[in-house]
Amino acid sequence: MHKSIFPLSLPAFTLALSTLLAACGGGGGSAPASSTTTTAAYGAQPASCSIPDQRTWLKAYMADQYFWNANLGAGNDSAASMDAYFQSLLYRPADRFSYTQSTAQFTQFFTEGTRTGYGYSLAFADATQTALQVRVIEPQSPVAAAGLVRGDTIVSIDGYSSAQITAGALTTVDTAGVSRSFTVRNTGGTTRSFTVTSANYTLTPVLNASVLTAPNGAKVGYLAYQEFITSSASALGNAFNTFRAAGVTELIVDLRYNGGGSVTTARNLASMMGGSSLNGQIFAGLRFNSQNSISNFNYAFTSNTATLPAAPLEGLNRVFVIASASTASASELVINSLKPFRNVITIGAATYGKPYGFQPRDACGITYSAVNFDSVNASGVGGYTSGLPATCAMSDDLSKQLGDPAERRIAAALSYIQNGACPPVAVNPDALQASARASSALGDGSGPTGTRGEPAFGELTRPAMLAD
C-alpha cells in the first residue's frame, strides 16, 4: 500500500533504521526508539553475501522486526532465490503485501523519482475483460513521446493480442534500449502502429492540477496525484498555490491509481487538504510488533510552511477523493486519517485494503519491504484490510482524460458538490471489483508483478507505505 523519500542514503538507512522516523521530522509524539536486539542478534548486514549468511541474517531480522514475527514461517531451505526464501518466511494469508526488489530499482523509484521502461499501464475496457485500454501514460515517457494517450485501445503489443498480454506473454523490461511495437486504435476508430525504445524517464507524480467549475458555480480544485514521493513536493505546492489563488471552495483529490509511498508526503498532502486548524492533531499512529512497541510513533498534521510544499487550504469542511481498488497504502492513510476531522466523500470503488507499512531494509543489493507496522487514525481506527468503501460507487471512464469534468468519476464528484448527494444513477462496479480482487496485475514493464487491485497491466508499482 510504491513510491527521494529517505533523508539517509541506503547504507546509512540500513545502519540507522531505528532513527529513521526521527530523522525525517515525522512530527508529533516520540521518535521510535532503537531495538536492543537489532545489532546484537543479526547485525546491520549479513556476515557475508553468501546465500547461507544472507538467509541466517534475514531470518533473524524477520524474527525481530516483522510485524507478524510470532507467526513467522519456517523458511524453505530449498528455495531457489532469496526472494523465494523471503516469501517462505511470510505469514500467509494475512501478509499479501511484503515483497523484495533490487536496491537499484528501489533507489531509482523512491530516491531519484525515475523509472526505466515505456511509461504506460493498461486496464480492461469491459466487464467481460476481453479488451485492454490505456489507463495512464507517464508524460515524460517514451510512449508519451510517441503519442499514446489514455483511452487508446490495444490491438497488439509486440504482436500479442489483449488475451495473450493478460496471460502474461509480454516479458518484463527494466533496462533501456529494448524496442517494443504497438498497434492501437484511438477513440475515433483510427488504427496506427509505432515502435518505441525503453528508456530511463522522470516520473510525473502530479498528472493534472486544475480549477473546475461545479454546476452551482463553485470553484473546485482538482488534483490527480500518482505517487507519494518527495520529488512531487514542488508540483504539489504549485497545485495548492493555484487553488488558493483561484479561491477554490471545494477540493477533489484523484488517487484512483495511487499505490502509496512516503508517510511524510502523505501527511503533508493531508495537512494541506485539512487546513491549519488540524495542526498538531494526530495524523496517524504507527504500531510495531509487541517486541518493538517502544517504537510506536504518532505522526501529527502540520501547518508549518517550512515543512509543507505550500500553505494549507483553509475552510474546507469536506473533501472529495476519487478512489479504486488500486488506491492503496499511503493513499488509504490520507483518507482514513482525515475522517476524524473532515467529511471525506469517496467516489469510485472500495480501496485496496493495506493499513500496514514498511521500513525497507537493504542487504547485499536486495531491498526487503516486509510489513513492520500497522496504522490507525486519531480515533484509533485502522484494520481496513477489505478496503475503505466508496461513498458513491462509480466505474472508471477510460474514454475521458483525467481532469475532464465529463469523466464519469469527476462528474459524479461535481454532481455531489451541486446536489449534496451521490448521482441518482450511479454505476455500481461491484462485479468488476470482485473479479479485480481475484486477479493478479501483471507487469510487462519495470513494475513488480502479482499486485492485487483492479486488473492492470504494464508498468505498475506495488502498494507501499514507507515510514520516513
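Values as computed for the structure displayed
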| quantity | calculated |
| --- | --- |
| Centroid-to-centroid separation of the range 310-346 and the range 221-239 [C-alpha atoms, Å] | 14 |
| For the range 361-371, Karplus couplings with θ = phi - 60° (6.51, -1.76, 1.60), whole Hz, Gly/Pro x | 10, 9, 8, 6, x, 10, 9, 9, 9, 9, 4 |
| Whole-Å semi-axes of the ellipsoid equivalent to the range 163-293 (Cα gyration tensor, √5λ, descending) | 35, 26, 14 |
| Ranking of 342, 409, 135 by count of other Cβ atoms within 10 Å, fewest first | 342, 135, 409 |
| Radius, Kirkwood style, for the range 114-202 when every pair of distinct Cα atoms is counted (Å) | 13.1 |
| Between the range 270-307 and the range 46-73, the alpha-carbon center distance in angstrom | 30 |
| Amide H contacts of residue 373 (H built 1.01 Å from N, under 5 Å, at least 5 apart or other chain) | 357 |
| Karplus-derived HN-Hα couplings along the range 137-149 (A = 6.51, B = -1.76, C = 1.60, θ = phi - 60°), whole Hz, x at Gly and Pro | 10, 6, x, 9, 9, x, 6, 5, 5, 7, x, 5, 9 |
| Cα centroid separation - the range 76-92 against the range 388-412, whole Å | 40 |
| Nonlocal amide H pairs with residue 131, under 5 Å, H built at 1.01 Å | 125, 126 |
| ³J(HN,Hα), Karplus 6.51/-1.76/1.60, whole Hz, each residue of the range 239-246, x for Gly, Pro | 4, 6, 5, 5, 4, 5, 4, 7 |
| Amide proton proximity set for residue 254, modelled H, under 5 Å, gap of 5+ | 223, 224, 225, 322 |
| Loop sites in the range 316-384: chymotrypsin sites (Phe, Trp or Tyr not before Pro), DSSP, at most 11 other Cβ within 10 Å | none |
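Coordinate-derived values only; no laboratory data. Only a predicted model underlies this, so the values are computations on that prediction, with no experimental measurement involved. Using ideal geometry, Cβ is built from the backbone for each residue, glycine included, and neighbour counts are taken over all protein chains shown.
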